[in-house]
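Single-structure report; data block below.
The values are calculated or read from the model by the stated rules, or taken from the named source; none is laboratory data. Worth saying up front: this structure is predicted, and the values here are computed from it rather than measured. With ideal geometry, Cβ positions are generated from the backbone for all residues, glycine too; neighbour counts draw on all protein chains shown. Each accessible area value is taken on the protein alone, full model and side chains, heavy atoms only, with ligands, DNA and RNA left out. Shrake-Rupley method; radii C 1.70, N 1.55, O 1.52, S 1.80 Å.
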Amino acid sequence: MLGAFANAFRTPDLRRKLLFVLLIITVFRLGSQVPAPGVNVANVQSCLSDVENSGLYSLVNMFSGGALLQLTIFALGIMPYITASIILQLLVVVIPRLEALKKEGQSGQTKITQYTRYLTLGLALLQATGIVALARSGRLLQGCNVDLLHSNSTSTFLIMVITMTAGTAVIMWLGELVTDRGIGNGMSILIFTQVVATFPQALWSVQQTNGWWVFGIVLVIGLVIIAGVIFIEQAQRRIPVQYARRMVGRKMFGGSSTYIPLKVNQAGIIPVIFASSLLYLPAMAVQFNQTSTNPVLTFVNRYLVGGDHPLYMATYFALIIFFTYFYVSITFNPEEVADNMKKYGGFIPGIRAGKPTEDYLSYVLSRITFPGALYLGLISLIPLVAFAMIGATQNFPFGGTSILIMVGVALDTVKQIESQLQQRNYEGFLR
């Protein structure tokens, strides 16, 4: 592997791309440390040392690399873009106009990307307004009784909101620069950067809380989890497809064999994000009604906020299972795949084209989605179980969304470097 890295840096164009990615990552992390105008940095840091980094904003804070609670110019991180992308993917299935754009190819995809950018800015504006309003009222950091802002004036409020929204626009631009001029998907690499930024702190907090023995056990368990995640992320069911020979003019086409790869984890990390976001809604209701004696809010505060209660874990697990099936059903359409195969003369050996092919694909997809959903649910429960057993923070390093993102993005980036090395007749990462 080290030799492959050396070969990558010996190749001028690959070296340029890798150095460019490192430059963008450096700029991105610097922006995540620069405070927004009007923030009282000393008070924010003193509050952060007293407040446990968990609860309502843990997921968003993780995607911002810890920049959210520090109120930096990149405080929103990549989360508005992730949310906008998910919303557009869902709307493509619902709105015929967007579905038609998707079928137009590159031009239609460019238009959908443009809509995603507009929606990202709208969501960033809403999120920035909410976060600055909470910081202004003193409810952003629980247990903090000092002012987080130098001034509570309307002008400071507007400047902070505009700065954070502009920061999100800059993050989108940086991600697209990496995609165009670097290696790998830009947005994925930026997400990876922010998650990895919080990893050492979360890991070291385990040692400070529980000592070296527990720290060593956590490291061993973490390596086992990483190996398991890599195994599942790479696992796929390959359905063979044969294309019949056909004459087009004077040329013969077809007669080739290929396969349809159905991954065990076909949905990625989207179900985990969906489930986490949905469970944040009752927690947010409690956040804004802390003095209420409503029995429903009392029940929510007791069972659905802490994260260490069995009812919370069971609800979280069930939501992940549901959203896995839901997301796979809207992103992989067996009817569309069967129609395209029939149109181009393709068939699955032993299965008739048309409706039988659609039924067979649906059958295989439903069976393979079940272990994928269980895998996502179990991985996501690891930080909650660790929080209940050893008192680690809910941002436990080896589990949940963080480990799925780190392993998934790392595998994808390594594959792209590998393919470019193989094009130049160098030995890749895989011997």
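Structure notes:
- Within region 349-374, residues that are over 25 Å from residue 324 (Cα atoms) sit with their Cβ atoms under 9 Å from residues that are charged (D, E, K, R) and in a helix (DSSP H, G or I), at 6+ positions apart or across chains, in these pairs: 351/359; 353/342; 354/339; 354/342.
- Some residue of region 119-137 being touching a residue at least 40 places away in the same chain (Cβ under 8 Å) and either under 30 Å from residue 14 (Cβ atoms) or among the aromatic types (Phe, Trp, Tyr) (or both): no
- For region 112-124, a tally of residues being of a type in the set (S, T, N, Q) and either open to solvent by 30 Å² or more (accessible area, probe 1.4 Å) or within 10 Å of residue 164 (Cα to Cα) (or both) returns 2.
- Test: residue 91 is without any contact (Cβ under 8 Å) to a residue 24 or more places away in the chain, surrounded by fewer than 17 Cβ atoms within 10 Å (Cβ to Cβ) and closer than 18 Å to residue 77 by Cα: no
- Of all residues in region 125-159 being of a type in the set (S, T, N, Q) and surrounded by 18 or more Cβ atoms within 10 Å (Cβ to Cβ), the one that is modelled with the highest pLDDT: 156
- Search result, residues across region 10-20 that are under 16 Å from residue 419 (Cβ atoms), open to solvent by less than 50 Å² (accessible area, probe 1.4 Å) and touching a residue at least 60 places away in the same chain (Cβ under 8 Å): 11, 14, 18
- Total residues in region 259-280 satisfying the condition of being under 15 Å from residue 373 (Cβ atoms), open to solvent by less than 50 Å² (accessible area, probe 1.4 Å) and not aromatic (Phe, Trp, Tyr): the figure is 11.
- Matching entry among 172, 164, 187 (being in contact with a Lys or Arg (Cβ under 9 Å, 6 or more places away or on another chain) and within 21 Å of residue 114 (Cα to Cα)): 172
- Restricting 366, 419 to residues that are surrounded by fewer than 18 Cβ atoms within 10 Å (Cβ to Cβ), at pLDDT below 80 and of a type outside the set (Phe, Trp, Tyr) narrows the list to 419.
- On inspection, residue 353 qualifies as more than 22 Å from residue 90 (Cα to Cα), in a loop (DSSP other than H, G, I, E, B) and either modelled with pLDDT of 85 or more or among the aliphatic types (A, V, I, L, M) (or both).
- Filter result (free of Cβ contacts under 8 Å to residues at least 40 places away in the same chain and surrounded by fewer than 19 Cβ atoms within 10 Å (Cβ to Cβ)) within region 335-348: 335, 336, 339, 340, 342, 343
To keep it simple, each residue is scored yes or no on (1) open to solvent by less than 20 Å² (accessible area, probe 1.4 Å); (2) in contact with a helix residue (DSSP H, G or I) (Cβ under 8 Å, 6 or more places away or on another chain); (3) within 17 Å of residue 414 (Cβ to Cβ).
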position: 161; (1), (2), (3): yes, yes, no
position: 164; (1), (2), (3): yes, yes, no
position: 176; (1), (2), (3): no, yes, no
position: 181; (1), (2), (3): no, yes, no
position: 184; (1), (2), (3): yes, yes, yes
position: 198; (1), (2), (3): no, yes, no
position: 203; (1), (2), (3): no, yes, no
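- Total residues in region 73-103, condition of a type in the set (Ser, Thr, Tyr) and over 12 Å from residue 168 (Cβ atoms): 1
- Subset of region 133-151 (residues that are in a helix (DSSP H, G or I) and in contact with a Ser or Thr (Cβ under 9 Å, 6 or more places away or on another chain)): 136
- Annotation note: of 386, 373, the sole residue that is at pLDDT below 80 and buried (at least 19 other Cβ atoms within 10 Å of the Cβ) is 386.
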